[in-house]
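Notes follow once the structure below has been shown.
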Amino acid sequence: MSPDDTTHETRKLEHLRINLHENVQARQTTSGLERYRLIHQALPDLNLKDVSLATTIFGKPLRAPLLISSMTGGAHEAERINLTLATAAQATGIAMGLGSQRAGIQDKSLAYTYQVRRVAPDILLLANLGAIQLNYAYSVDQCRRAVEMIRADALILHLNSIQEAVQSGGNTSWKGLLKQIEKVCAALGAPVVVKEVGFGISADVARQLASAGVAAIDVAGAGGTSWAAVEAYRAPSAFLRELAEAFWDWGIPTADSLERVRRAVPSMPLIASGGIKDGVDAAKCIALGASLVGFAAPMLKLADRSVEDTIDGIKLIEEQLRIAMFGIGAENVDALRNTKHLEKL
Ligand SMILES: Cc1cc2nc3c(=O)[nH]c(=O)nc-3n(C[C@H](O)[C@H](O)[C@H](O)COP(=O)(O)O)c2cc1C
């Protein structure tokens, strides 16, 4: 049983239902990307068809610098979503993260809901666990099991302090967690990525994570899915609902977080996510220093429809990104990351 007395499976189904059918997007906070503009270059010295989105991360080649962010697993319905997302990731050559694998570790009979390698043998695949579990019963053993369960290339540990704090019986003993993350980084034998879940990473936290040995940081900033909003919908009482609602718009907007983290840890590979709408937003994130750009809620909505719609949705984002690169004369991802044609409004 999870701390709030619902089974993992029920909780995962609730997350899917709420994210698909309720509006849990930030209300006042935006990603902040609208405050940046790629400066149009009317005479690009290149052919659109030669613009390359290809990139490499953790030694794995990708056809585009895009990531389906960590979402689900642990319930039968989640398997269908994961297989759809993974099939689309394989077809388009982008990366994918699985949702928290705690359910599959506690109950082996749920491991199949995460196992997507049979449809996605080549993609960069990221395992996922809540970092906070390392302050309770988990150690590097469970982290290794998460990676092995899905034959992942790397492990994501997510930080979700506010989500835990506003829910009934959440895990709120966070003291000393950095040390536990450091131990996992040293012993796992696979890259460890640390991400937020939609409240962003500050400069200080980025420096702490770098000193702990993490291989990459996903800022997962505010402006998209709000996990305080999801918890407000799940709240069993008016008290807890109002508690969670106060944090609906909490967090560092994605663009601000990216800018701060880029400055704090200049050589750290960064993933940008949280409220990314389209390929133009993705282009801005890369120009701000990201190596990969992640989408969660938009991918869930596509995957709920069909594999074809998911592939089409990814191809649309890729084409928007390609044309944005063409529009500023950036022939490849490195040129976009180093472009001078980005201004803050
Ligand atoms: C249905 C759903 C489930 C999620 N589950 C996880 C999870 O298990 N682990 C995790 O690290 N992040 C999880 N997230 C957070 C996303 O990975 C992402 O950081 C966040 O939703 C912001 O991206 P978005 O605005 O594009 O949705 C989940 C998001 C959604 C929509």
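What is the range 8-344 by shape, rounded, prolate or oblate, if you read a ≥ b ≥ c off the alpha carbon gyration tensor as root eigenvalues and call it rounded for a/c under 1.5, prolate for a/b larger than b/c, and oblate otherwise?
rounded
Residues with amide H under 5 Å of Ile156's amide H, sequence separation 5 or more or different chain, H placed in the peptide plane at 1.01 Å from N; which?
Ala127, Asn128, Leu129, Val193
Beyond 18 Å between alpha-carbons counts as too far, so tell me which of Lys60/Lys195; Lys284/Lys344; Lys108/Lys179; Lys49/Lys284 fall in that bin.
Details: Lys60/Lys195 20 Å; Lys284/Lys344 11 Å; Lys108/Lys179 28 Å; Lys49/Lys284 20 Å.
Exceeds cut-off: Lys60/Lys195; Lys108/Lys179; Lys49/Lys284.
HN-Hα J couplings of the range 102-115 from phi, Karplus 6.51/-1.76/1.60, θ = phi - 60°, integer Hz, Gly and Pro as x?
4, 4, x, 7, 5, 9, 4, 5, 9, 4, 4, 5, 9, 7
Sort the range 261-332 into rounded, prolate or oblate with this rule: let a ≥ b ≥ c be the square roots of the eigenvalues of the Cα gyration tensor; rounded if a/c is under 1.5, and if a/c is not under 1.5, prolate when a/b is larger than b/c, oblate otherwise.
Since a/c reaches 1.5 but b/c is at least a/b, the shape of the range 261-332 is classed as oblate.
Scan around Thr72 for amide H atoms under 5 Å from its own, H built in the peptide plane at 1.01 Å from N, and keep only partners 5 or more places away or cross-chain.
Sorted by chain and number, the residues that satisfy this are Gly99.
For the range 1-67 and the range 266-344, compute the distance between their C-alpha centroids and round to whole Å.
Their Cα centres are 8 Å away from one another.
Where a Cα-Cα gap under 16 Å defines reach, which aspartates and glutamates qualify for Lys183, not counting those fewer than 8 residues away within the same chain?
The reachable aspartates and glutamates, counting only those whose Cα sits under 16 Å from Lys183, are Asp141.
Hand me the trypsin sites (Lys or Arg not before Pro) from the range 61-131 located in a DSSP loop with no more than 12 other Cβ atoms within 10 Å, in residue order please. Before the final figure, lay out each step's value.
Working: sites: Arg63, Arg80, Arg102, Lys108, Arg117, Arg118; in loops: Arg63, Arg117, Arg118.
The qualifying sites are Arg118.
Antiparallel as a % of all DSSP beta bridges within the chain, to the nearest 5? Before the final figure, lay out the partial values.
Working: 7 of 32 bridges.
Within the chain, antiparallel bridges account for around 20 percent of the total.
Under the rule of -39500 (n - 2.57) per DSSP H run of 4 or more residues, summed and divided by the residues of the chain, what mean residue ellipticity at 222 nm is obtained, to the nearest 500 deg cm²/dmol?
Estimated from H runs of four or more residues: -12500 deg cm²/dmol.
Dipole magnitude of the range 8-344 about its Cα centre, charges +1 at Lys/Arg Cβ and -1 at Asp/Glu Cβ only, in debye to the nearest 20?
Its charge dipole is roughly 560 debye.
What FRET efficiency would be calculated for the residue pair Glu331, Thr56, taking the C-beta separation as r and a Förster radius of 25 Å, to the nearest 0.05? Working shown, then result.
Values: r = 16 Å, r/R0 = 0.66.
FRET efficiency, Glu331 to Thr56: 0.90.
How large is ³J(HN,Hα), in whole Hz, for each residue of the range 338-345 in order, when computed from phi with the Karplus curve 6.51 cos²θ - 1.76 cosθ + 1.60 and θ = phi - 60°, using x for Gly and Pro?
9, 5, 9, 8, 9, 10, 9, 7
I need the phi-derived Karplus couplings for the range 138-148: 6.51 cos²θ - 1.76 cosθ + 1.60, θ = phi - 60°, integer Hz, Gly and Pro marked x.
Working through the residues one at a time gives 8, 9, 4, 4, 5, 5, 5, 4, 4, 5, 5 Hz.
Return the distance in nm (one decimal) between the two label points of a simple spin-label model at Arg27 and Asp309, each offset 7 Å from Cα along Cα→Cβ.
Going from the Arg27 label point to the Asp309 one covers 2.8 nm.
For the range 72-223, give the share of DSSP beta bridges that are antiparallel, in percent and rounded to the nearest 5; count only bridges with both residues there.
Roughly 0 percent of the beta bridges in the range 72-223 run antiparallel, per DSSP.
Which of rounded, prolate or oblate describes the range 193-345 when judged by the alpha-carbon gyration tensor and an a/c cut-off of 1.5?
oblate
All of the numbers you see were taken from the coordinates with simple rules; none came from a lab. What you see is a predicted model; the values in this text were computed from it and never measured. Ideal geometry is used to build each Cβ from the backbone, glycine not excepted, and the neighbour counts take in all protein chains shown.
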